[in-house]
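Here is the structure we will look at, set down as structure tokens.
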Amino acid sequence: MAFSTRFLRGHRVGVMVFLLSGFALATPAWAQGKKKLPPLQPGRLHLADGRLLPAQLRLEDGDVLKALGPDGAEKTYSPDEVSSFVMGTDSFTVLRDFYVTLVRDAEHYSSSFMRVCAASAGLELYEFRGTMARQQVNGGNLALVGAGLALHMAAGNTAIPVYGGRQETFVMTTAWLLRRDGNPRWLTLPSGARNLREVIEPLVADDQVLAASVRWGSLRREDVPALLSQYVARKTAKAKS
């Protein structure tokens, strides 16, 4: 019986170590510790009060913009203080009162900085990158469930718990928001080539070359900004000719 007890205790410890190791590997680096911040980039700020300031800029979250001025002073700006800015080769604006929807998750934002991907020819496409509350349903996050199970067993509990319900985690998320002229609602680009084609193909239907590339080629959300930028450029050039 003593052998059996030692075996069970050792078995629990082994399972705990295995699951905790899996948890460490599966957990994103930013969640395990301080997230790695992008480097500062040269740019300029157009403040809400009309001032134009040169600065080294870093967008740390959807509503957090760090600026290092020519005098070396660092300042943090919110979307309420900035109307637009240029960072590196990218232009950013402020979008207000919108939702980001990803699968079963949806979150409302009162304001956020957005990278401008396309804003002409009747289309607006912005890239959102910021912290979003994501829901894990019925143990959808296996790493967190595994870690919880390991700690449960390490405490001396031999019964396997039943995990369920919704667990909220905050995740740095990238999404693309699209809107056509005359439509007040923003659409978050869906995942999956078929769903994406159903959204994008009608937008470029008057350009036979691009429409065919959408219909027959592989298409990812990451490809849409370049595709729509090309569509806008071709349509603008055609209007001028």
(message) Every residue in the range 90-134 that is free of Cβ contacts under 8 Å to residues at least 24 places away in the same chain and within 15 Å of the chain's Cα centre (by Cα), please.
(response) A106, H108
(request) Could you please find all residues in the range 186-241 being within 18 Å of T101 (Cα to Cα), part of a loop (DSSP other than H, G, I, E, B) and either open to solvent by 70 Å² or more (accessible area, probe 1.4 Å) or in contact with a Lys or Arg (Cβ under 6 Å, 6 or more places away or on another chain) (or both)? (result) W186, L189, R220
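Would you tally the residues in the range 102-128 being loosely packed, with under 15 Cβ neighbours inside 10 Å, in a strand (DSSP E or B) and modelled with pLDDT under 95? Spell out the reasoning first.
In the first step, residues of the range 102-128 are kept if they are loosely packed, with under 15 Cβ neighbours inside 10 Å; the result is 103-104, 106, 108, 110, 120, 122.
Filter once more, so that each one left must be in a strand (DSSP E or B): 106, 108, 110, 120.
So of that shortlist, the ones also modelled with pLDDT under 95 come out as 106, 108, 120.
Number satisfying all stated conditions: 3.
Looking at A26, A67, A55, A31, which is the one that is in contact with a Gly (Cβ under 9 Å, 6 or more places away or on another chain), modelled with pLDDT under 50 and open to solvent by less than 70 Å² (accessible area, probe 1.4 Å)? If you could, list the steps in order and put the result at the bottom.
On the way: A67 fails: modelled with pLDDT under 50; A55 fails: modelled with pLDDT under 50; A31 fails: in contact with a Gly (Cβ under 9 Å, 6 or more places away or on another chain).
Of A26, A67, A55, A31, the one residue that is in contact with a Gly (Cβ under 9 Å, 6 or more places away or on another chain), modelled with pLDDT under 50 and open to solvent by less than 70 Å² (accessible area, probe 1.4 Å) is A26.
The values are calculated or read from the model by the stated rules, or taken from the named source; none is laboratory data. From a predicted model like this one, the values you see are computed outputs, not experimental measurements. Note: ideal-geometry Cβ built from the backbone for every residue, glycine included; neighbour counts use all protein chains shown. Please note that ligands, DNA and RNA were not included when accessible areas were found on the heavy atoms of the full protein model with its side chains. Shrake-Rupley method; radii C 1.70, N 1.55, O 1.52, S 1.80 Å.
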